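Worksheet for the structure shown next.
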Amino acid sequence: MEIISEVLQLFLHPENFLAIALGVVIGVVVGSIPGLTATMAVALALPFTFSMEPIAAILLLVGIYKGGMYGGSITAILIRTPGSPASACTLLDGYPMAQQGHAKKALKMALYSSVIADFISNIALIFFAAYLAKIALNFGAPEFFWLICFSLTIIISLASGSMIKGLLAALLGILLSLVGLDEVFGSQRLTFGNYNLMDSISFIPLLIGLFAIPEIVEFYRKKALPHIKAKASGASVTLSEMKRSLKTIVRGSLIGVIIGAIPGTGATAAAFISYSDARRRSPRRDNFGKGEVEGVAASEAGNNGVAGATMIPLLSLGIPGDVITAIILGAFMVHGLTPGPLLFQENLPLIYALFMGIMFSSLVLLVVGNGAIKYFSLIADIPKEILFPIVLMFCVYGAYAVNNDTFDVWLMLGFGVLGYVFNRAAIPAAPFLIGFILGPMFEDNLRRSLLIGGNDLSIFVRGPIAWFFIALTLGSILLALYRYVTARRLPTQTDTSQEAP
Amino acid sequence: MMNFLKAASLAVCSGSLAMAASVSTVQADEWPTDDVRLVVPYAPGGTTDVLSRRVADLLQEELDANVVVENRPGAGSTVATGRLARGGRDVDHTILMASPGHTIGAAIYPDLAYDPVEDFVFLQNLIDIPNVMVVPADSPYDSVEEFVEAAKEQNMTFSHSGVGSSIHMSGELFKTLTETNMTAVPFAGSGAALPALLGGDVDVSFENMPTVLSHIKSGDLKALAVTSAERSEHLPDVPTLREGGDYNLDQFVTTAWFGLIAHESFPQEAQDAMREALDAVMQREEFQNFAEQLGAEPGQVAGEEFKQFIASEVERWQEVADQAGISQ
C-alpha cells in the first residue's frame with residue numbers, strides 16, 4: 001500500500017503531464033518534417049532535461065520518441081514524403097489512399113493502429129520485460145540470420161505482378177546497400193573513393209528521392225493531371241474496416257514488440273516485416289500497394305510496436321537497442337540512475353511511476369494525433385501546383401538536414417531519377433526497400449555467425465529459436481510454391497500483371 | 001525595373017558595408033567577436049554529441065558568447081575533420097570535438113586529405129574514458145594471465161562496436177602485443193554488441209567503461225583489467241593491464257579521449273581565450289559531475305602536450321591497423 005502512494009506521489013505531478021504532452025507534440029511535428037528525425041529531436045531535448053526531475057525528464061524524451069514514430073506517417077500519406085524512415089512502408093498504401101480521396105481515412109487508421117500498437121507494446125514492457133529480455137539475450141547472430149532469411153522470403157509475396165521485376169528491385173536494393181565500409185575488414189566497397197559514401201548511402205535522401213521526386217516529375221510532365229479531390233473532410237475509418245484490420249494490428253504490434261526487444265534491429269524493419277506478413281495473410285492481398293487500409297494499419301502497428309519494446313532491454317538489461325534509447329540511457333545516468341536489474345531493486349517506485357507515464361503517453365498520442373490530423377490533413381486540399389514546389393523545397397531541405405551535406409541533396413535527386421524509372425517501368429518499390437534494409441542485416445549476421453562459430457556451420461542449428469525460424473522460412477517458401485502451383489491451375493485469377501503499380 | 005534592381009543592389013551593398021564596419025569595430029574587442037561553432041563529427045545522441053552539448057552550455061557562460069553545436073557525421077569523423085582542415089571563412093571561430101576516431105581514422109581511412117597532427121591546433125583534452133577488459137560471468141578465466149594462456153592455445157573471439165572504434169582497436173592491440181589467436185566480431189554499436197557478450201557468444205570485449213559498469217557491478221560480467229594507465233576509482237579492485245607487466249602488456253595504455261581542436265590558423269588570441277575558458281569549464285561542478293556519471297576522468301593534456309599525445313596515437317594505431325590488416 002505504501003508503495004502505491006509513493007508511486008502516485010511521484011507520478012501525479014503537473015510537470016510530468018506537461019512533459020508528456022510537450023514531448024508528444026514535439027515528436028509529432030518533428031517526425032512529420034522530412035529530414036528531421038525523432039532521434040535529432042531527442043538529442044536536442046536532452047540538455048533541457050538535465051535540470052528537470054528524473055521522471056519528467058525521461059517522459060519528455062519518451063514522448064518525443066513516440067510522437068516521432070507516428071508523426072512520420074502524416075507526410076508519408078499526404079505528400080508521399082516519409083517524415084522518418086520507419087514510415088516509408090506506410091506510404092505504400094497511405095499515399096494511394098490519399099490520391100483516391102481517402103486521406104483522412106488513411107491518417108486515422110495510421111493513428112489508431114499506432115496508438116493500439118503503442119499500448120500493446122507498453123503492456124509488454126510492463127508485464128513481460130524480464131521474460132522478453134531473456135529471449136533477446138538468446139537471440140544471437142545465427143538466430144538473427146534465420147529471422148532475416150524468413151523476412152526475405154516475404155519479398156516473394158510483395159512482388160505483386162511480375163516476379164522478375166520484384167526480384168530485380170530487391171537485388172538492386174541489396175546491391176546499393178553494399179556501398180560503404182566493409183564491416184569486418186574495414187575495406188571500402190563501391191565507394192569509388194568518395195568519402196561521402198563511406199558510411200553507406202544515407203537512407204532518408206534515398207527515401208525522399210525515391211518517392212517524392214517521381215510524383216513531382218510526373219505532375220509537371222502530364223501538367224493536366226486530373227485534379228484529385230482529396231478532401232480533408234473525407235470519410236473516417238469505418239467500423240467494419242477497423243474490425244477487418246484489428247487482427248493485423250495486433251499481429252503487427254507483436255512483431256514490433258519482438259523486434260523492438262532485440263537490440264539493434266529498428267522500427268523500419270519491423271514495419272516492413274509486419275506489412276509483408278499482413279499482405280500474405282489478408283484475403284484482400286491483391287489490393288495491397290494500391291490503397292489498402294489494412295496495409296497502413298500493418299505498417300504503423302509494426303513501427304509503433306517497437307517504441308515501448310525498445311525500453312525492455314534498456315530498463316531490464318541496461319542495453320540501448322537504438323540511438324534514441326541510447327540517449328534516454330544518457331538521461332537516466334545524468335540523474336544518477338543506472339538502468340538495469342539493480343534499478344528494479346533499488347528504485348521500484350520510480351520505475352512504476354515511469355510505467356504509468358508511458359501508459360499515459362499512449363492516450364496523449366491519441367489526442368495529439370487527432371488534433372494533428374485535423375490541421376495537417378488540410379494539406380490534401382492545397383492545389384498541387386502550389387503544393388508541389390513547397391514539397392520540392394522540403395525534399396531538398398530534408399536531404400540536406402540529415403548530415404548537413406549537399407552531397408545528400410544530389411543523392412536524393414539521383415534516387416529521384418531511379419524512382420521515376422521504377423514508376424515508368426512498373427517496378428515495385430517495396431522489394432527494393434526491403435532489400436536495402438534487410439540485405440546488410442543478412443550479410444552481417446551471416447558473417448558474424450561464422451566468426452563466432454569459427455566457420456563451423458553447426459552454429460546455424462544451435463537451438464530452438466534457430467529451429468523455429470528455419471521452420472518458418474521453409475514453410476514460407478513451400479507456401480509460395482503451393483500458391484504458385486495452384487495459381488497456374490486457375491490462370492484467370494492471377495492475371496494482375498497488367499495493372500500499374 | 002532597372003532602377004529597382006539598382007536600388008536593391010545598392011541597398012545590399014551598403015548594408016554589407018555597414019555590417020563590415022560594425023564587424024571591424026567589434027574586432028577591436030576581444031575574441032570571440034562572433035558565435036563560436038562547435039562541430040561534432042558524429043550524429044546526435046552519441047557520447048561525443050552529449051559531451052559537446054554539455055561543454056557548449058558551460059562554455060557559453062565562460063566565453064560570454066553563443067556556442068552553436070553542429071553535427072556533421074560521416075566516415076568515422078573524417079568528413080567533418082577534413083572540412084575543418086580545409087579552412088574557410090569562419091575558421092577562427094570554429095572548434096571541433098575530437099575523439100579516438102581522429103587518430104584511428106587517420107590510420108584506417110586511405111588518402112585522407114589532411115594531416116591529423118600538423119593541420120590543427122590542439123586546445124584541451126577534456127575527458128578520458130577507460131576501456132575495461134570484460135568476460136561473461138560464467139567465463140572460466142578470472143585473470144588476464146589465465147585468459148592469455150588460454151588464448152595461446154585456442155582461438156578467442158572479441159566483440160566490438162564497429163571497425164575502427166577504440167573498442168575494436170584495443171582488441172587488435174591486445175592481440176598484437178600478447179601474440180594470441182583472437183578473432184574480431186563486429187557489431188553495429190555497443191548496444192548490439194553487449195548481448196553477445198552477456199549471452200556468452202563471444203569470449204571477451206574491451207568495452208568503454210560506462211557501457212559495462214552496471215553489468216560488472218550486478219555480476220553479469222567479470223572485469224579482468226582496465227586499459228588506463230592508473231586504476232579507475234569506479235573499479236578500484238580491478239588491475240590495469242600494464243600492472244601485470246607480462247606479455248608485453250606494459251605498453252598497453254589506451255583510453256577513449258575527448259578533446260577540442262581547431263584549424264591550425266586559429267589565432268593565438270583565440271587559443272588563449274579558449275584555454276582560459278576551458279580551464280574554468282573543467283573546474284565547474286556541473287562538468288565534474290557529468291564526467292563522473294560517464295565514468296570518465298578529467299583530461300590531462302593541453303596544447304603542445306596534447307599534440308604530442310595525438311602524434312604518438314596516430315603512429316601507434318597505424319602500426320596496429322597494419323598488423324591487423326585493417327588499412328588498405
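Somewhere in the stretch B:278-291, is a residue surrounded by 18 or more Cβ atoms within 10 Å (Cβ to Cβ), over 22 Å from residue A:50 (Cβ atoms) and either out of contact with any Pro (no Cβ under 6 Å at 6 or more places or on another chain) or in contact (Cβ under 8 Å) with a residue 40 or more places away in the chain (or both)? The answer is no; no qualifying residue exists.
In this structure, residue A:351 does not qualify as aliphatic (A, V, I, L, M) and under 23 Å from the mean Cα position of the chain (by Cα). Against the condition assigned by TED's automatic domain parsing to the domain that holds residue B:98 and modelled with pLDDT of 85 or more, how does residue B:318 come out, does it pass? Judged against the criteria, residue B:318 is a match. For residue A:110, the conditions (1) within 14 Å of chain B (Cβ to nearest Cβ); (2) within 16 Å of the chain's Cα centre (by Cα) all hold with the exception of (1). Scanning the stretch A:45-57 for residues that are surrounded by fewer than 20 Cβ atoms within 10 Å (Cβ to Cβ) and among the aliphatic types (A, V, I, L, M) gives a single hit, A:52.
Step by step: first the residues of the stretch A:126-157, then only those that are closer than 30 Å to residue A:357 by Cα and among the small types (Gly, Ala, Ser), then the one that is nearest to the other protein chains (Cβ to nearest Cβ). Which residue is that? The selected residue is A:136. Taking the conditions (1) among the aliphatic types (A, V, I, L, M); (2) within 13 Å of chain A (Cβ to nearest Cβ); (3) under 15 Å from residue B:38 (Cβ atoms) in turn, residue B:97 satisfies each one other than (2). For the stretch B:276-300, a residue qualifies if it is part of a loop (DSSP other than H, G, I, E, B), at pLDDT 85 or above and over 14 Å from the mean Cα position of the chain (by Cα), and exactly one does: B:284.
Table: residues versus (1) within 25 Å of residue B:134 (Cβ to Cβ); (2) out of contact with any strand residue (DSSP E or B) (no Cβ under 8 Å at 6 or more places or on another chain).
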residue	(1), (2)
B:236	yes, yes
B:251	yes, yes
B:254	yes, no
B:290	yes, yes
B:303	no, no
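Just for the stretch A:440-487: of the residues that are among the small types (Gly, Ala, Ser), surrounded by 14 or more Cβ atoms within 10 Å (Cβ to Cβ) and under 29 Å from the mean Cα position of the chain (by Cα), which one is farthest from residue A:138 (Cα to Cα)? Among residues in the stretch A:440-487 that are among the small types (Gly, Ala, Ser), surrounded by 14 or more Cβ atoms within 10 Å (Cβ to Cβ) and under 29 Å from the mean Cα position of the chain (by Cα), the one farthest from residue A:138 (Cα to Cα) is A:480. Here the condition is being of a type in the set (D, E, K, R), closer than 20 Å to residue A:107 by Cα, surrounded by 21 or more Cβ atoms within 10 Å (Cβ to Cβ) and out of contact with any Cys (no Cβ under 7 Å at 6 or more places or on another chain); of A:241, A:300, it holds for A:300 alone.
Do we find a residue being of a type in the set (A, V, I, L, M) and away from chain A (no Cβ under 14 Å) anywhere in the stretch B:103-117? Yes. Touching a residue at least 40 places away in the same chain (Cβ under 8 Å), at negative phi and among the aliphatic types (A, V, I, L, M): is that true of residue A:409 in this structure? For residue A:409, the condition - touching a residue at least 40 places away in the same chain (Cβ under 8 Å), at negative phi and among the aliphatic types (A, V, I, L, M) - is met.
Restricting attention to the stretch A:32-51, does a residue exist that is away from chain B (no Cβ under 14 Å), small (Gly, Ala, Ser) and more than 30 Å from residue A:390 (Cα to Cα)? So far as the stretch A:32-51 goes, no, none of its residues is away from chain B (no Cβ under 14 Å), small (Gly, Ala, Ser) and more than 30 Å from residue A:390 (Cα to Cα).
Only one entry in A:106, A:86, A:129, A:98 is over 23 Å from residue A:430 (Cα atoms) and modelled with pLDDT under 95, namely A:129.
Among the residues making up the stretch A:367-378, a single one is touching a residue at least 24 places away in the same chain (Cβ under 8 Å), surrounded by fewer than 19 Cβ atoms within 10 Å (Cβ to Cβ) and among the hydrophobic types (A, V, I, L, M, F, W, C): A:378. Here the condition is being away from chain A (no Cβ under 14 Å) and surrounded by 20 or more Cβ atoms within 10 Å (Cβ to Cβ); of B:135, B:163, it holds for B:135 alone. Residue B:52 satisfies every condition listed in (1) part of a helix (DSSP H, G or I); (2) under 23 Å from residue B:269 (Cα atoms); (3) away from every other protein chain (no Cβ under 11 Å); (4) modelled with pLDDT of 80 or more except (3).
Just to be sure I understand, how many residues within the stretch A:395-439 are part of a loop (DSSP other than H, G, I, E, B), within 13 Å of chain B (Cβ to nearest Cβ) and surrounded by fewer than 20 Cβ atoms within 10 Å (Cβ to Cβ)?
Here the count works out to 1.
Please determine, by comparing only the residues of the stretch A:189-204 that are in contact with a helix residue (DSSP H, G or I) (Cβ under 7 Å, 6 or more places away or on another chain) and part of a helix (DSSP H, G or I), which one is surrounded by the most Cβ atoms within 10 Å (Cβ to Cβ). By that ranking, first place goes to A:204. In this structure, residue A:68 does satisfy being closer than 13 Å to residue A:369 by Cα, touching a helix residue (DSSP H, G or I) at 6+ places or on another chain (Cβ under 7 Å) and within 14 Å of chain B (Cβ to nearest Cβ).
The values are calculated or read from the model by the stated rules, or taken from the named source; none is laboratory data. Computed from a predicted structure; not experimentally measured. Every residue, glycine among them, receives a Cβ derived from its backbone with ideal geometry; neighbour counts consider all protein chains shown.
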